[in-house]
Every structure is written in C-alpha cells, then in structure tokens.
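K.L.:
Take this structure, written in structure tokens, and hold onto it; I'll ask about it next.
The values are calculated or read from the model by the stated rules, or taken from the named source; none is laboratory data. Only a predicted model underlies this, so the values are computations on that prediction, with no experimental measurement involved. No Cβ is skipped: glycine too gets one built from the backbone with ideal geometry, and neighbour counts run over all protein chains shown. When the accessible area is computed, the model is the full protein with side chains, heavy atoms only, and any ligands, DNA or RNA have been set aside. Shrake-Rupley method; radii C 1.70, N 1.55, O 1.52, S 1.80 Å.
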Amino acid sequence: MSKFVKTALLALLCVGCFTVSGASWFVRGNKYNIETVIVTGNFKSPRLIAELIQAESRQPYIIVPTANSKQNCWYLALPKTDGYAMSEEKFAAWIKFSQCRRVIILGDVNYVPEKYAAMIDKNIPVVRIVGDWNRVAEELTYLLNLSNLKRSYPKLRPQLDRYYQPVSAPAPRVEKAAEKSEALPEVVPVSAAPKSK
C-alpha cells in the first residue's frame, strides 16, 4: 500500500472514532461540574434563554414562583432529565451543594423577587441581568463563552409566540361523576331467605 492510502485510512479511522465517541465535543461547558446556575421566573423569554444555555453548556436552571403567584412551585431543570420539583427550603441548600462558581438571575424583581436572591449563600457571586431580552442573550453569549445563544434566541422567540398556546386549568370532574351516579339503577338490599331445617 502506498503512503497516501495509509494516511487516508488513518484519517478516516480518527474521524470515525470521534463520531462514535458521542459528539460531546460539539457542546461547550463542563460535562460533570456545575459552574453556573441560572435562576428565573416562569416567563417565555427568560425561560427560553435558560433552556438554550442549558442545551449548549449543560448548566442547570431553577424556575422560581413570582412575587404575586399563588402557587409555590419551584422547578429544578438538570440536563437530560425531566426535572424535579423543589421546595423553597431546598433552594438555597441545593445551590450551595452544587458548588457552582456563580448564579445568574434573569430578569428584574418582577421575574425573580429579591428575597430569593437574598437566600443564596453570600460566598457565591450573584449577577442579575435585566434589559431587552435580545441584548441579554447577546451579553450572556460573551459572559458564559457560548457560541449559539445570540443567534438562536432571536430566531426561536417569534416561534414561541406563534406556537405556544397557554391552556386553562382542566375542568373539575364533579359534574361528570354526578351524571354517572344518576344513570346507575338504585340497589335495594334483599334479606336472605331463612334456611329450612
């Protein structure tokens, strides 16, 4: 075999090994360590930014309830999982346990109330980013050393408005249960016949 053919085969073998290894080199960010935790409210723009950051850098985000919300739902989204419900008491403890380098809060106090920022350990730097969401996506691209966020967010945000349809709460099933009970025949207890001796 010629030297050129051997070199070409070796190059193909190397490319094949990289492809089989799982394409983890396409994703920036630390695969195993948490460097940044994103905290935001459950609103379209900051939630989309948090999900795009996670898709590119594998960093978790936490959704907190807003100040005027009647629900007290906290949601921890980890990469490649369905996410976890979290209580308010575990919020600060989980951030400290994660040993992250920084916490980034997306949005002003209307998105994430100040009391939640005050709960975070004082040894962890907290950065709150507010402003136009396109500009926020652009700044986070540079701050977190990402490559796709500033291009992906402006493309996906109009699609979110077009396809996202908020749904109302499901109707209670009390009426249906009452209809079914009316349709059933009435059951009358019958006494057992006495046994003959």
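K.L.:
Using the structure shown, list the pairs from Lys44/Lys80; Lys96/Lys122; Lys80/Lys150; Lys70/Lys115; Lys44/Lys122 with a Cα-Cα distance above 19 Å, or answer none. Numbers along the way, then the final one.
P.N.:
Working: Lys44/Lys80 21 Å; Lys96/Lys122 10 Å; Lys80/Lys150 22 Å; Lys70/Lys115 16 Å; Lys44/Lys122 29 Å.
The pairs that break the limit, which is 19 Å between Cα atoms, are Lys44/Lys80; Lys80/Lys150; Lys44/Lys122.
K.L.:
Between segment 127-168 and segment 35-63, how many Å separate their Cα centres?
P.N.:
10
K.L.:
Round to the nearest 10 and report in Å² the accessible area of Arg101, as given by a 1.4 Å probe over the protein chains' heavy atoms.
P.N.:
Number for this one is 150 Å².
K.L.:
At 1.4 Å probe radius, can you tell me the per residue accessible area of segment 30-146 in Å²? Could you put the intermediate results ahead of the total?
P.N.:
Numbers: 6400 Å² over 117 residues.
That works out to 55 Å² for each residue.
K.L.:
Please list, by residue number, every one of the chymotrypsin sites (Phe, Trp or Tyr not before Pro) in segment 27-111 that is coil in DSSP and has at most 10 other beta-carbon atoms within 10 Å. Could you put the intermediate results ahead of the total?
P.N.:
Working: sites: Tyr32, Phe43, Tyr61, Trp74, Tyr75, Tyr84, Phe91, Trp94, Phe97, Tyr111; in loops: Tyr32, Phe43, Tyr111.
The qualifying sites are Tyr32.
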